[in-house]
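What follows is a single structure, written as structure tokens, with notes after it.
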Amino acid sequence: MSVSRPDQFCLNLEKPGMVPPQPVEENQTSLLPPGWQSYLSPQGHRYYVNTVTNETTWERPNGSSRTPSSPGPQRNFQPTAVNGYHSSGTPVHQSEPVHMSLRKPIGDFQNPGSPSPGKKQNKESTITINCVTFPHPDTMPEQQLLKPTEWSYCDYFWADKKDPQGNGTMAGFEILLQKQLKGKQMQKEMSEFIRERIKIEEEYAKNLAKLSQNSLAAQEEGSLGEAWAQVKKSLADEAEVHLKFSSKLHSEVEKPLMNFRENFKKDMKKCDHHIADLRKQLASRYASVEKARKALTERQRDLEMKTQQLEIKLSNKTEEDIKKARRKSTQAGDDLMRCVDLYNQAQSKWFEEMVTTTLELERLEVERVEMIRQHLCQYTQLRHETDMFNQSTVEPVDQLLRKVDPAKDRELWVKEHKTGDIRPVDMEI
């Protein structure tokens with residue numbers, strides 16, 4: 001399975017649509033000196049490159065020129081080259097264009113290093129969304145999941161998601177954080193539910209105890225009277241059982257649910273601020289990259305303009321202006337590379353903290369679910385015990401009801417209340 005995670009920012013200073021130039025045929029009658037090639041710039045200006053020394057000049061070398069060991073002081077210029085092009089947009093001729101790649105494998109938390117050579121690609125290899133750099137969808141390489149056998153938080157929450165409540169976006173970490181806070185709220189509501197259950201038990205026990213003291217049918221006699229008295233006593237016993245049940249519900253279920261991670265919201269808030277600060281720092285670094293890129297573009301444009309002026313009029317002042325513009329362009333390129341390096345370091349730091357923190361949130365969620373499961377199991381266990389105790393309160397009633405003997409009760413009652421056993425006879429005349 002492939003998934004898109006942040007990738008290292010790749011600095012590409014090539015102008016859109018530029019392609020490496022091809023040598024053009026020399027129309028002049030005389031041939032170029034050995035080692036020299038003629039090219040056309042993207043603006044259509046002809047220039048010459050010594051393929052041995054990489055010396056570049058706008059003026060055509062004469063036939064008596066020999067391959068110099070170093071560029072000449074007056075007619076040669078060599079702007080800073082990145083990605084195979086000079087700062088002015090002019091190609092640099094070498095075996096392979098230098099490509100400033102600061103990418104590193106995902107999961108490798110080494111500090112992003114210095115530029116490394118690489119071949120120029122036809123398509124952009126990365127895309128930046130909300131200041132986070134990802135592999136470009138058209139050229140995205142296969143990325144191995146950090147936990148390939150699980151649907152882990154650390155693999156699926158790198159991008160931002162459209163906020164269903166508005167027009168903005170929510171960071172993937174924010175979605176995970178809301179999941180945690182929702183879990184805390186659900187835990188609180190479960191505790192409140194058990195509290196309501198306790199209230200019902202307490203009220204039920206109170207009513208049972210009150211009913212057990214009722215004097216209705218208290219004058220029932222005999223074995224049935226004894227069974228009836230036991231029925232009322234069983235209500236008092238059952239009331240005691242339910243009081244104990246409510247007490248255990250409070251101490252073994254409700255209270256642990258309510259008190260579990262009392263400072264959880266504060267901890268999550270700290271965690272949120274930490275990741276948000278890293279994201280803000282990343283956004284700031286990205287803004288610096290864009291600012292440096294814009295500055296470099298302006299310096300390149302200025303150097304190109306001054307270089308074109310050199311074709312029209314050669315003067316010491318123009319040469320000095322070109323040297324000054326070249327230095328500024330080189331400095332701007334260095335500034336951009338430094339900003340990209342700082343951006344990559346900030347993104348690597350954010351990446352590391354995201355992996356660590358999401359795995360911790362994942363562990364906390366597993367722990368929360370397991371805690372609730374255990375206490376709900378305790379609830380069912382207490383419920384079973386209460387049923388058993390309730391059953392024990394009615395067992396004496398069952399025993400007495402089985403002993404109820406109407407004939408025996410009648411005998412006892414007759415003996416106690418008899419008025420005489422001589423029956424009436426007929427009257428005689």
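Quick notes
- Screening residue 264 with (1) closer than 30 Å to residue 348 by Cα; (2) aromatic (Phe, Trp, Tyr); (3) more than 27 Å from the chain's Cα centre (by Cα) gives one miss only, at (3).
- A single member of 367, 320 is more than 30 Å from residue 146 (Cα to Cα) and without any contact (Cβ under 8 Å) to a residue 40 or more places away in the chain, and it is 320.
- Test: residue in the range 312-325 that is within 48 Å of the chain's Cα centre (by Cα) and within 30 Å of residue 127 (Cβ to Cβ): no
- Among the residues of the range 204-227, those that are among the hydrophobic types (A, V, I, L, M, F, W, C) and open to solvent by less than 30 Å² (accessible area, probe 1.4 Å) comprise 205, 208, 227.
- Residue identified as free of Cβ contacts under 8 Å to residues at least 60 places away in the same chain, open to solvent by 80 Å² or more (accessible area, probe 1.4 Å) and more than 30 Å from residue 298 (Cα to Cα) among 426, 398: 426
- Being touching a helix residue (DSSP H, G or I) at 6+ places or on another chain (Cβ under 8 Å), surrounded by fewer than 20 Cβ atoms within 10 Å (Cβ to Cβ), part of a helix (DSSP H, G or I) and not hydrophobic (A, V, I, L, M, F, W, C) is a description that applies to residue 265.
- Boolean, residue 159 is part of a helix (DSSP H, G or I), of a type in the set (A, V, I, L, M, F, W, C) and in contact with a helix residue (DSSP H, G or I) (Cβ under 7 Å, 6 or more places away or on another chain): no
- Here the range 125-151 is the region considered, the condition is being touching a Pro at 6+ places or on another chain (Cβ under 8 Å), assigned to a strand (DSSP E or B) and of a type in the set (S, T, N, Q), and the residue that is least open to solvent (accessible area, probe 1.4 Å) is 133.
- Taken together, the residues in the range 162-171 that are within 17 Å of residue 272 (Cα to Cα) and either without any contact (Cβ under 8 Å) to a residue 60 or more places away in the chain or open to solvent by 80 Å² or more (accessible area, probe 1.4 Å) (or both) amount to 2.
- Qualifying residue in the range 200-211 (condition: in a strand (DSSP E or B), free of Cβ contacts under 8 Å to residues at least 12 places away in the same chain and of a type in the set (A, V, I, L, M)): no
- Hits in the range 177-207 - residues which are out of contact with any helix residue (DSSP H, G or I) (no Cβ under 7 Å at 6 or more places or on another chain) and among the β-branched types (Val, Ile, Thr): 200
- Residue among 240, 254 that is open to solvent by 40 Å² or more (accessible area, probe 1.4 Å), in contact (Cβ under 8 Å) with a residue 12 or more places away in the chain, charged (D, E, K, R) and in a helix (DSSP H, G or I): 240
- Residue that is nearest to residue 253 (Cα to Cα), among those in the range 367-393 that are of a type in the set (A, V, I, L, M) and open to solvent by 50 Å² or more (accessible area, probe 1.4 Å): 376
- Residue ID - modelled with the lowest pLDDT, chosen from residues in the range 305-350 that are open to solvent by 30 Å² or more (accessible area, probe 1.4 Å) and of a type in the set (Asp, Glu): 311
The values are calculated or read from the model by the stated rules, or taken from the named source; none is laboratory data. If you're wondering where the values come from, they're calculated on a predicted model, not measured in any experiment. All Cβ positions, even for glycine, are placed from backbone atoms using ideal geometry, and neighbour counts span all protein chains on display. Ligands, DNA and RNA are excluded from the accessible area calculation, which covers all protein heavy atoms including side chains. Shrake-Rupley method; radii C 1.70, N 1.55, O 1.52, S 1.80 Å.
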